[in-house]
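Written below as structure tokens is the structure these notes are about.
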Amino acid sequence: MNTDVNTDVNTDMTTDQIARTFVEYFEERGHRRISGSTLLPTPGDPVLFTTSGMHPLIPYLQGRPHPLGNRLVNVQRCLRTTDLDEVGDRTHLTVFEMLGTWSLGDYEGPVSLDWGYGLLTEGFGIDPGLLHATVFGGDDRTGPDTASLELWQSHGVPVELTVEDNWWSNGPTGPCGPDSEIFLWTGDTPPESTPTGDDRWVEVWNHVMMRHLRLADGSLVPLPQRNVDTGLGLERLASLLQGRRSVFECDVFDPWRTLVPALWQLDEPSLRLVCDHLRSAVVVIGDGVRPGNTGRGYVLRRLIRRVLTVLRRDDPWRGLGDLPDELVRHTLDRFRQEEEPEVVRRVLLDEERGFGRLLERGRNVLARRRFQGPLSEEDFHYLHDTHGLPRDLVLSLRPE
Ligand code: SER
């Protein structure tokens, strides 16, 4: 086993076992499991994809009674395009699973943090000396979160106080509040510095004291109940517990890391991008999305096109027809999706063919004399509106 990362854990637990341990720990503490739902938010929701476990629970955080009670736990698949540029680093994926817990007006933040500490140290065996917390230090509207601070002090966990980094919101309006984040030291020296000062501190678990509502005019009002919303990325936790250097090395990527390099020779950043985007595309297709020019369909289209661009950079003959069925099947199973692998494959191949035609058209149009010099905004509009060539594609087809 790889021991480059000093979490002093190196568990043999698989990602599935880690998720099960998490859910059972909270079930033993009175939580009911809600079924993890699709990446697609309910109709009428302006957000394209579910971005965190709390997303489907917004009405209940705002006071609607939940049919399963006021202590909930789940495993929710999420998609974040805000992290797209960070994909390929050690800790970010486009599609990932988020473990989450909620107190809907029941217990308060310190209880949640205390259970979190117990699960990480006793349940998963993390050395308490490798933990660091951050806590909201207060601003001109909301006081410091002294309850969380005291809880961490009672466990001897060092705390860093911040302002912006410890305020969580899902967007400009809606439920929000101060949060306390738990970090794990991943360096191969004894822990040093603080989470904002050294990126060897990796965030594992966020506990949000969700008790405010931000209105459209920017003002904050109290929610009808004091909630706690917690979330932790499953693949990230698994990679840390398994002592791996990045999320791409945790067990859920084992088949990807075996089969993809055998198929296409890629440098490490390209390999990570191809694995991340292809896996994400399979899940998005598995939830019923098809490539298109707007909204969710365009997110899917961009994921597939980025894969194709990277693959063909070194060899124009590379294509998705070679993608092993096993990877599609493994991903659909992992995300408990029922779509037929053959359907996913067909969507990928149709999109690949369409992209090939578009590239050919793009090359022909851009060869015209009119487009030889620098392109104006008007040119970009014309290329987009008349020839269906998006700006990023045009740029990728032009010589440096
Ligand atoms: N909503 C918080 C997050 O996404 C905690 O679940 O980090």
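Where a number appears in this text, it was derived from the coordinates with a stated rule and is not lab data. Note that the coordinates shown come from a computational prediction; the quantities given were computed from them, not determined experimentally. As a convention, Cβ positions derive from the backbone with ideal geometry for all residues, glycine included, and neighbour counts pool all protein chains shown.
Along the stretch 95-109 the Karplus relation, 6.51 cos²θ - 1.76 cosθ + 1.60 evaluated at θ = phi - 60°, assigns HN-Hα couplings of 9, 8, 9, 10, 7, x, 9, 9, 10, 8, x, 9, 6, 9, x Hz to successive residues, with x for each Gly and Pro. Each residue of the stretch 313-323 is assigned a 3J(HN,Hα), and the resulting list reads 4, 9, 7, x, 8, 5, x, 6, x, 8, 4 Hz, derived from the Karplus form 6.51 cos²θ - 1.76 cosθ + 1.60 (θ = phi - 60°), x at Gly and Pro. Across the stretch 273-280, rounded Karplus estimates of 3J(HN,Hα) from the backbone phi angles (6.51 cos²θ - 1.76 cosθ + 1.60, θ = phi - 60°) give 5, 4, 5, 4, 6, 5, 4, 5 Hz, Gly and Pro being marked x. Once you divide the Cα radius of gyration of the chain by 2.2 N^0.38 Å, the number left is 1.07. Using 0.36 nm per residue and subtracting the Cα-Cα separation, the extra length available between residue 298 and residue 24 on full extension is 94.9 nm.
Taking N as the residue count of the stretch 85-139, its C-alpha radius of gyration divided by 2.2 N^0.38 Å amounts to 1.47. The distance separating the Cα centre of the stretch 194-267 from that of the stretch 24-51 comes to 16 Å. Relative to a virtual label point 7 Å from the Cα of residue 392 in the Cα→beta-carbon direction, which members of the stretch 256-294 show backbone nitrogen distances below 19 Å? Correct set: 269-285, 289-294. Each Lys and Arg Cβ is given +1 and each Asp and Glu Cβ -1; about its Cα centre, the chain then shows a dipole of about 1860 debye.
Rg over Rh for the stretch 107-150 works out to 1.07, both radii taken from alpha-carbon positions and Rh defined as the Kirkwood radius. Under a Gaussian network description of the chain, with springs only between Cα atoms under 10 Å, the residue in 312, 236, 214 that fluctuates furthest is 312.
Taking other C-beta atoms within 10 Å as the exposure proxy, 387, 212 rank 387, 212 from fewest upward. With viscosity 1.002 mPa s and temperature 20 °C, the Kirkwood radius over alpha carbon pairs of the stretch 88-192 converts through Stokes-Einstein to a diffusion coefficient of 139 µm²/s.
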